[in-house]
1. Residues in the stretch 89-96: is at least one within 15 Å of the ligand (Cβ to nearest atom), assigned to a loop (DSSP other than H, G, I, E, B) and in contact (Cβ under 8 Å) with a residue 40 or more places away in the chain?
2. Got a sec? Which of Ala73, Ala146, Ala151 is away from the ligand (no atom under 14 Å from the Cβ), out of contact with any Ser or Thr (no Cβ under 8 Å at 6 or more places or on another chain), open to solvent by less than 50 Å² (accessible area, probe 1.4 Å) and modelled with pLDDT of 95 or more?
3. Could you grab me the full set of residues in the stretch 27-42 that are touching a residue at least 24 places away in the same chain (Cβ under 8 Å) and either on the phi > 0 side of the Ramachandran plot or of a type outside the set (Phe, Trp, Tyr) (or both)?
4. If you scan the stretch 79-88, which residues turn out to be in a strand (DSSP E or B) and either open to solvent by 20 Å² or more (accessible area, probe 1.4 Å) or away from the ligand (no atom under 16 Å from the Cβ) (or both)?
5. For the stretch 104-186, list the helices (runs of 4 or more DSSP H) that sit wholly inside it and hold at least 2 residues that are over 16 Å from the mean Cα position of the chain (by Cα); which are they?
6. Tyr115 - would you say it is open to solvent by 90 Å² or more (accessible area, probe 1.4 Å), on the phi > 0 side of the Ramachandran plot, within 16 Å of the ligand (Cβ to nearest atom) and not basic (Lys, Arg)?
7. Being assigned to a loop (DSSP other than H, G, I, E, B) and surrounded by 16 or more Cβ atoms within 10 Å (Cβ to Cβ) is the filter here, so list the residues in the stretch 31-51 that pass it.
8. Hey, among Val118, Val5, which residue is over 15 Å from Ile149 (Cβ atoms), in contact with a strand residue (DSSP E or B) (Cβ under 7 Å, 6 or more places away or on another chain) and not acidic (Asp, Glu)?
Amino acid sequence: MRIDVITLFPEFIRQCASVGVVGRAQERNLLTVESWNPRDFATDNYRTVDGRTCGGGPGMVMLIQPLRAALAAARAAAPSAARTIYLSPQGARLTQARVAGLAREERLILLCGRYEGVDERLIEREVDEELSIGDYVLSGGELGAAVVIDAIGRLQDGALNDAASAEQDSFSNGLLDCPHYARPMQDALGAVPDVLQSGNHAMIRRWRLKQSLGRTWLRRPDLLARADLDGEARQLLEEFRREWLA
Ligand SMILES: NC(=O)c1ccc(NCc2ccccc2)nc1
């Protein structure tokens with residue numbers, strides 16, 4: 001998969017995509033992340049990329065011309081068509097389900113706004129989808145792009161050493177994740193739950209599912225309301241609730 005990022009801070013994106021699982025995915029040629037700086041495509045002597053807001057008001061808006069030229073260069077850099085995504089507070093909320101869909105695309109172009117954002121005409125004409133990583137305003141779309149790159153990168157086949165861990169992630173089944181423990185089994189902070197030391201994998205699977213259901217019930221009832229629970233899950237949740245309320 002190839003992701004091209006249009007950003008005034010290419011170094012930031014390059015760094016984010018060079019560490020950890022995403023960096024390894026790039027080394028394994030599972031993912032390519034390239035950045036394009038609109039300032040390199042500005043045609044005036046001052047390399048201007050922003051302009052005053054028409055109609056007055058505070059702040060600046062990113063100009064059409066440098067962005068269109070950078071987008072055209074990014075598109076021309078590889079043969080296949082690319083879905084163009086604009087990171088903005090006005091976008092649809094990013095969810096794991098949406099990430100899973102985007103992870104199957106062959107190419108993405110991520111457009112990062114700065115200042116008050118991008119000229120609306122560019123969004124209408126060149127952007128396929130607006131995405132928001134949450135209901136808050138940042139100084140730029142780059143952190144949103146980094147989030148999208150990370151969430152998608154780790155889902156590329158071969159990126160995670162143990163593919164199962166992507167399946168068992170929080171949200172991959174619509175529930176929160178269960179608790180995790182490592183050695184020592186006994187520590188000043190407490191003991192690892194006995195079931196995890198039992199070696200009984202059926203019991204361990206049930207315990208983990210029960211913990212995920214219980215945590216989702218306690219912390220994110222909104223997710224639980226949307227989850228499609230089978231018979232076993234409903235029974236385990238009931239057990240958890242009974243024990244919790246006892
Ligand atoms: N919540 C998000 O995903 C997000 C994305 C970008 C951003 N800041 C840049 C910007 C500001 C205004 C209009 C368009 C882009 N802040 C938050």
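1. Of the stretch 89-96, the ones within 15 Å of the ligand (Cβ to nearest atom) are 89-95.
Cutting the leftovers down to assigned to a loop (DSSP other than H, G, I, E, B) gives us 94-95.
Those left that are additionally in contact (Cβ under 8 Å) with a residue 40 or more places away in the chain: 94-95.
Looking for residues that are within 15 Å of the ligand (Cβ to nearest atom), assigned to a loop (DSSP other than H, G, I, E, B) and in contact (Cβ under 8 Å) with a residue 40 or more places away in the chain, one finds at least one in the stretch 89-96, hence yes.
2. Working: Ala146 fails: away from the ligand (no atom under 14 Å from the Cβ); Ala151 fails: away from the ligand (no atom under 14 Å from the Cβ).
Being away from the ligand (no atom under 14 Å from the Cβ), out of contact with any Ser or Thr (no Cβ under 8 Å at 6 or more places or on another chain), open to solvent by less than 50 Å² (accessible area, probe 1.4 Å) and modelled with pLDDT of 95 or more holds for just one of Ala73, Ala146, Ala151, which is Ala73.
3. Step one: filter the stretch 27-42 for residues touching a residue at least 24 places away in the same chain (Cβ under 8 Å), giving 28, 30-42.
Listed by number, the residues that qualify are Arg28, Leu30, Leu31, Thr32, Val33, Glu34, Ser35, Asn37, Pro38, Arg39, Asp40, Ala42.
4. Taking the stretch 79-88 first, the residues in a strand (DSSP E or B) are 83-88.
Listed by number, the list holds a single entry, Arg83.
5. Values: elements: 120-126, 142-153, 163-167.
Because the criterion is at least 2 residues that are over 16 Å from the mean Cα position of the chain (by Cα), the helices (runs of 4 or more DSSP H) in the stretch 104-186 that meet it are 120-126, 163-167.
6. Numbers: open to solvent by 90 Å² or more (accessible area, probe 1.4 Å): yes; on the phi > 0 side of the Ramachandran plot: yes; within 16 Å of the ligand (Cβ to nearest atom): yes; not basic (Lys, Arg): yes.
Judged against the criteria, Tyr115 is a match.
7. Pass one, the stretch 31-51, residues assigned to a loop (DSSP other than H, G, I, E, B): 31, 37, 42-49.
Selection gives Leu31, Asn37, Ala42, Val49.
8. Numbers: Val5 fails: over 15 Å from Ile149 (Cβ atoms).
Just a single option satisfies the conditions, and that option is Val118.
The values are calculated or read from the model by the stated rules, or taken from the named source; none is laboratory data. All values reported here derive from a predicted model rather than from experimental measurement. Note: ideal-geometry Cβ built from the backbone for every residue, glycine included; neighbour counts use all protein chains shown. Each accessible area value is taken on the protein alone, full model and side chains, heavy atoms only, with ligands, DNA and RNA left out. Shrake-Rupley method; radii C 1.70, N 1.55, O 1.52, S 1.80 Å.
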